[in-house]
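Engineer: Before I ask anything, let me first share the structure, which is written out below as structure tokens.
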Amino acid sequence: MLRPFFAAARRIAVLQRPLRAATPLALAATLALPLLAACGGDDADITVYSGRTEQLIQPIIDRFEEESGLKVDVKYGSTSEMAALLAEEGEDSPADVFLAQDAGALGAVSDQGLLGQLPESLLSKVEPRFRAGNGQWVGLSGRARVLVYNPDLVPESELPSTVEELTDPKWKDRTGWSPPNGSFQAFVTAFRVDSGEEATSEWLQAMKANGVKDYPNNITILDAVAAGEIEVGLVNHYYLYEKLDDQGEGYKARNHFLDGDDIGALVNVAGIAVLAGSDHREDATALLEFLLAEEAQHYFAEETFEYPLAAGVAADPRLVPLTDIESPDIDLSELDDLEGTLDLLRANGVLP
């Protein structure tokens, strides 16, 4: 029987109904999920299930193939889809490597007993807060939660230092969030782990009472802030820099990093693991070594403005240094209870 994370993965499409009607194509994609593993890959040296997009991952996989001479077959889908597929396939999965958009999915697959132990030489490349306590996955790149704001409408000196302060009446009707978005749901899961169900429910209710506005994703929040529709919004840090590079410094949005003792300073990771049932552990580990080496870490930092987590590679100079962000003291593997978060969001009227 599938654990709650995987049951929730099957129901994610429901969250899109307020924003986008379910289509036959979307339903077909969900029904076809168990067939993904059957598509190609018979002659591959390594099979990767990737919850990160082909546009981002394939170029660096191509570089690995060029340098190693190994053939890599990558199956792409959302992180929740790939995690659910691994759970369905169990020990019979052809996957050697799981590359996930967030740590919670890695924790869920680890809880199923499907991940293998990584060598200490590899784990030690990344600081402990960005790898599994049990040594079964390691972060590749980091994404910080921030408050994006319009500097023409509110000085940074007047911004809150914690997400709890957003429930103050002075922020009424001035804030935006994106409940259907995976990064927001991971943040709420972290809130639950850090502060408990009751405190998280109280915060959600107080935000609603304070007139927080709903948006479908991080990009629409950024655009709403830049347009003056709202003054602040809860997002991941890296979307802003894509916008600034595209539209210039005249784009009226900036990032505000919250205090380290607050759940709003969460740094989640995209991470990677080797499946316990892999028949190609040596080759799979070589891929992980490559992705944690300098070339790949530069690629992640420069392609999406995420924080590189290994090899001493510096982040974009516009970012607050990762060493200056005191993220909450929680094991990122514990962000695996997606179903519990969805239930809490629905119970508080944040999701339908």
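Engineer: Out of (1) within 19 Å of the chain's Cα centre (by Cα); (2) assigned to a loop (DSSP other than H, G, I, E, B); (3) among the small types (Gly, Ala, Ser), the odd one out for Ala186 is which?
Structural biologist: (2)
Engineer: Return the residue satisfying two criteria in turn: it lies in segment 189-211 and is of a type in the set (Ser, Thr, Tyr) and open to solvent by 10 Å² or more (accessible area, probe 1.4 Å), and of such residues it is modelled with the highest pLDDT. Explain how you work it out, then say what you get.
Structural biologist: Within segment 189-211, the first condition is being of a type in the set (Ser, Thr, Tyr), and the residues that meet it are 189, 195, 200-201.
Right, trim to open to solvent by 10 Å² or more (accessible area, probe 1.4 Å) and you get 195, 201.
Numbers: Ser195: 94, Ser201: 98.
The qualifying residue modelled with the highest pLDDT is Ser201.
Engineer: With respect to the numbered conditions (1) more than 20 Å from the chain's Cα centre (by Cα); (2) free of Cβ contacts under 8 Å to residues at least 40 places away in the same chain, which one is the sole condition not fulfilled by Gly135?
Structural biologist: Result: Gly135 fails condition (1) only.
To keep it simple, each residue is scored yes or no on (1) of a type in the set (D, E, K, R); (2) over 26 Å from Ala310 (Cα atoms); (3) at pLDDT 95 or above.
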| residue | (1), (2), (3) |
| --- | --- |
| Gly182 | no, no, no |
| Ala186 | no, no, no |
| Lys213 | yes, yes, yes |
| Ala253 | no, yes, yes |
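Engineer: Another one. I'm trying to understand the selection: among the residues of segment 218-238, which are closer than 11 Å to Ser178 by Cβ and open to solvent by less than 50 Å² (accessible area, probe 1.4 Å)? Show your work before the answer.
Structural biologist: Here is the first cut: in segment 218-238, the residues closer than 11 Å to Ser178 by Cβ are 218-222, 224, 233-236.
The answer is Asn218, Thr220, Ile221, Leu222, Ala224, Gly233, Leu234, Val235, Asn236.
Engineer: Determine which single condition Glu120 fails, assuming it passes every other condition in (1) within 22 Å of Leu275 (Cα to Cα); (2) open to solvent by 10 Å² or more (accessible area, probe 1.4 Å); (3) touching a helix residue (DSSP H, G or I) at 6+ places or on another chain (Cβ under 6 Å).
Structural biologist: Exception for Glu120: condition (3).
Engineer: Sort out which residues of segment 151-161 are surrounded by 15 or more Cβ atoms within 10 Å (Cβ to Cβ) and either under 17 Å from Phe187 (Cβ atoms) or in contact with a Lys or Arg (Cβ under 9 Å, 6 or more places away or on another chain) (or both), and write them in order of number. Even if it seems obvious, please write down each step before you answer.
Structural biologist: Of segment 151-161, the ones surrounded by 15 or more Cβ atoms within 10 Å (Cβ to Cβ) are 154, 159-161.
Passing the criteria: Val154, Pro160, Ser161.
Engineer: Consider Glu302 against the criteria (1) in contact (Cβ under 8 Å) with a residue 24 or more places away in the chain; (2) out of contact with any Ser or Thr (no Cβ under 8 Å at 6 or more places or on another chain); (3) among the charged types (D, E, K, R): it satisfies all of them except one. Which criterion is unmet?
Structural biologist: With (1) in contact (Cβ under 8 Å) with a residue 24 or more places away in the chain; (2) out of contact with any Ser or Thr (no Cβ under 8 Å at 6 or more places or on another chain); (3) among the charged types (D, E, K, R) applied to Glu302, the lone miss is (1).
Engineer: Moving on to the next point. Could you count how many residues in segment 275-297 are open to solvent by less than 20 Å² (accessible area, probe 1.4 Å), closer than 14 Å to Gln117 by Cα and of a type in the set (S, T, N, Q)?
Structural biologist: Selection size over segment 275-297: 1.
Engineer: Before we move on, is Ile272 modelled with pLDDT of 95 or more, open to solvent by less than 10 Å² (accessible area, probe 1.4 Å) and under 21 Å from Leu332 (Cβ atoms)? Walk me through how you get there before you give the answer.
Structural biologist: On the way: modelled with pLDDT of 95 or more: yes; open to solvent by less than 10 Å² (accessible area, probe 1.4 Å): yes; under 21 Å from Leu332 (Cβ atoms): yes.
So Ile272 fits the description; yes.
Engineer: Scanning for something buried (at least 22 other Cβ atoms within 10 Å of the Cβ), in contact with a Leu (Cβ under 6 Å, 6 or more places away or on another chain) and more than 30 Å from Pro94 (Cα to Cα), does segment 298-313 turn up at least one residue?
Structural biologist: yes
Engineer: I would also like to ask the following. Looking only at residues that are under 16 Å from Thr285 (Cα atoms) and among the aliphatic types (A, V, I, L, M) in segment 70-99, which one is nearest to the chain's Cα centre (by Cα)?
Structural biologist: So the residue we want is Leu99.
Engineer: Right, next: Sort out which residues of segment 65-81 are more than 20 Å from Ala103 (Cα to Cα) and surrounded by fewer than 21 Cβ atoms within 10 Å (Cβ to Cβ), and write them in order of number.
Structural biologist: Step one: filter segment 65-81 for residues more than 20 Å from Ala103 (Cα to Cα), giving 65-73.
Of everything in segment 65-81, those that are more than 20 Å from Ala103 (Cα to Cα) and surrounded by fewer than 21 Cβ atoms within 10 Å (Cβ to Cβ) turn out to be Glu65, Glu66, Glu67, Ser68, Gly69, Leu70, Lys71, Asp73.
Engineer: Provide a single number: the residues in segment 316-329 that are crowded, with 18+ Cβ neighbours inside 10 Å and in contact with an Asp or Glu (Cβ under 8 Å, 6 or more places away or on another chain).
Structural biologist: 1
Engineer: Would you mention how many residues in segment 306-328 are in contact (Cβ under 8 Å) with a residue 40 or more places away in the chain and in a loop (DSSP other than H, G, I, E, B)?
Structural biologist: 12
Engineer: Considering segment 340-352 alone, what residues qualify as being part of a helix (DSSP H, G or I) and surrounded by fewer than 20 Cβ atoms within 10 Å (Cβ to Cβ)? Break it down stepwise before answering.
Structural biologist: We begin by selecting, within segment 340-352, every residue part of a helix (DSSP H, G or I); these are 340-347.
If the condition is that a residue be part of a helix (DSSP H, G or I) and surrounded by fewer than 20 Cβ atoms within 10 Å (Cβ to Cβ), then Gly340, Asp343, Arg346, Ala347 are the ones that fit.
Engineer: Among the residues in segment 196-206, are any touching a strand residue (DSSP E or B) at 6+ places or on another chain (Cβ under 9 Å) and not small (Gly, Ala, Ser)? Reasoning before the result, please.
Structural biologist: So in segment 196-206, the residues touching a strand residue (DSSP E or B) at 6+ places or on another chain (Cβ under 9 Å) come out as none.
Within segment 196-206 (the criterion being touching a strand residue (DSSP E or B) at 6+ places or on another chain (Cβ under 9 Å) and not small (Gly, Ala, Ser)), the answer is no, since none of the residues qualifies.
Engineer: Go over the candidates Leu31, Leu56, Leu36 one by one and state the one that is closer than 16 Å to Met82 by Cα, modelled with pLDDT under 95 and surrounded by 11 or more Cβ atoms within 10 Å (Cβ to Cβ).
Structural biologist: Working: Leu31 fails: surrounded by 11 or more Cβ atoms within 10 Å (Cβ to Cβ); Leu56 fails: closer than 16 Å to Met82 by Cα.
Answer to the selection: Leu36.
The values are calculated or read from the model by the stated rules, or taken from the named source; none is laboratory data. Computed from a predicted model, the values in this text were never measured in an experiment. Positions of Cβ are backbone-derived with ideal geometry, glycine not excepted, and every protein chain shown enters the neighbour counts. To get the accessible areas, we keep the full protein, side chains included, count just its heavy atoms, and leave off ligands, DNA and RNA. Shrake-Rupley method; radii C 1.70, N 1.55, O 1.52, S 1.80 Å.
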